[in-house]
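Engineer: Structure in structure tokens, see below.
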Amino acid sequence: MFEITIKDSKGQRLDSRQCRQGTCTVGRSGKNMIQLKGWRIAGTHAELVEKADGIHVTDCSSGIGTLVNGGKVTTFGPLHPTDEIGISNYRLTVVGEKTVPAVEPRSSAIMEDPVHQQAAIPVPQSEKHEAEQVDHVAHIERASIGVRNHSEEKSSEQADQQQLFQWHKRIHEKLMNAMDLRRTEVESMNDAQLTDAIKSLIQEIIVGMEQELPREISRERLAR
């Protein structure tokens, strides 16, 4: 069981609901446990599920977007009590028996890389045979190079993810603005039509930003 608190974009508390089934859907349709009003909200926009390690949120909006702490997500979890789920102008927080306390960043759960452990092997003692020492030194040098390369690759991957996140955020903002301009047209659409319209809008936005986008950014990943 977990409790969901709903606030507006200014942080004003609007309501709270208890989910006793372990799964809760959020969206515009009356079939959802939490029904939110707004044309930028899909029939079923997001799903909250209680798993063994905590509560996870999954985006079901087919392109409109679900945010966690300002970043667009497909799935995210386990949630901290301080994590803020963004759906249109609503902000949701979740607290339950399995929500993870925000004491340490979740990245602290990453296990130590075996390559780093290998690099920590001590240099053999001086009484070893000279040939063995040379062999061990060469081995450590190779391991050190491997660690440096791994660290560089990891740093590069993190930088790429951060860059992709920032471009995703910009595209999402442009999408919301474009949908605001087409509000009358969008309000008359069903979910399937809205999904197609959003995909088309995202493609238009990416094409319009082509001159700004770095070459290394995957256009296909941006469109997801």
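The values are calculated or read from the model by the stated rules, or taken from the named source; none is laboratory data. None of the values given here were measured: they were computed from a predicted structure. No Cβ is skipped: glycine too gets one built from the backbone with ideal geometry, and neighbour counts run over all protein chains shown. These accessible areas exclude ligands, DNA and RNA; they are computed on the full protein's heavy atoms, side chains included. Shrake-Rupley method; radii C 1.70, N 1.55, O 1.52, S 1.80 Å.
Engineer: Restricting to the range 178-208, and then to whatever is farther than 20 Å from Gly27 by Cα and buried (at least 16 other Cβ atoms within 10 Å of the Cβ), can you tell me which residue is modelled with the lowest pLDDT?
Structural biologist: Ala178
Engineer: Just to verify a result, which residue in the range 209-224, among those that are surrounded by 12 or more Cβ atoms within 10 Å (Cβ to Cβ) and assigned to a helix (DSSP H, G or I), is nearest to the chain's Cα centre (by Cα)?
Structural biologist: Leu222
Engineer: Search the range 28-52 for residues that are closer than 20 Å to Ala197 by Cα and of a type in the set (Ser, Thr, Tyr) and pair each with any residue that is open to solvent by less than 30 Å² (accessible area, probe 1.4 Å) and outside any loop (DSSP other than H, G, I, E, B) when their beta-carbon atoms are under 8 Å apart and the residues are at least 6 apart or on different chains.
Structural biologist: Filtered contacts from the range 28-52: Thr44/Val26; Thr44/Gly27.
Engineer: Right, here's the next one. With the structure loaded, tell me whether Lys51 is at pLDDT 90 or above, surrounded by 15 or more Cβ atoms within 10 Å (Cβ to Cβ) and basic (Lys, Arg) or whether it fails that test.
Structural biologist: It is false that Lys51 is at pLDDT 90 or above, surrounded by 15 or more Cβ atoms within 10 Å (Cβ to Cβ) and basic (Lys, Arg).
Engineer: To continue, here is another question. Filter the range 9-27 down to the residues that are under 26 Å from Ser188 (Cα atoms) and either part of a loop (DSSP other than H, G, I, E, B) or touching a Phe, Trp or Tyr at 6+ places or on another chain (Cβ under 7 Å) (or both) and list them by number.
Structural biologist: Ser9
Engineer: A further question on this structure: Against the conditions (1) out of contact with any Ser or Thr (no Cβ under 9 Å at 6 or more places or on another chain); (2) in a strand (DSSP E or B), where does Gly30 fall short? Just the number, please.
Structural biologist: Going through (1) out of contact with any Ser or Thr (no Cβ under 9 Å at 6 or more places or on another chain); (2) in a strand (DSSP E or B) one by one, Gly30 breaks only (2).
Engineer: A follow-up question, please. Just the residues that are over 14 Å from the mean Cα position of the chain (by Cα) and either of a type in the set (Phe, Trp, Tyr) or in a strand (DSSP E or B) (or both), please, taken from the range 50-72.
Structural biologist: Of everything in the range 50-72, those that are over 14 Å from the mean Cα position of the chain (by Cα) and either of a type in the set (Phe, Trp, Tyr) or in a strand (DSSP E or B) (or both) turn out to be Glu50, Lys51, Gly54, Ile55.
Conditions tested, residue by residue: (1) within 25 Å of Met176 (Cα to Cα); (2) out of contact with any strand residue (DSSP E or B) (no Cβ under 6 Å at 6 or more places or on another chain); (3) open to solvent by 40 Å² or more (accessible area, probe 1.4 Å); (4) modelled with pLDDT of 95 or more.
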{"position": "Gln12", "(1), (2), (3), (4)": "yes, yes, yes, no"}
{"position": "Arg20", "(1), (2), (3), (4)": "no, yes, yes, no"}
{"position": "Gly27", "(1), (2), (3), (4)": "yes, yes, no, no"}
{"position": "Gly65", "(1), (2), (3), (4)": "yes, no, no, no"}
{"position": "Ile85", "(1), (2), (3), (4)": "yes, no, no, yes"}
{"position": "Lys98", "(1), (2), (3), (4)": "no, no, yes, no"}
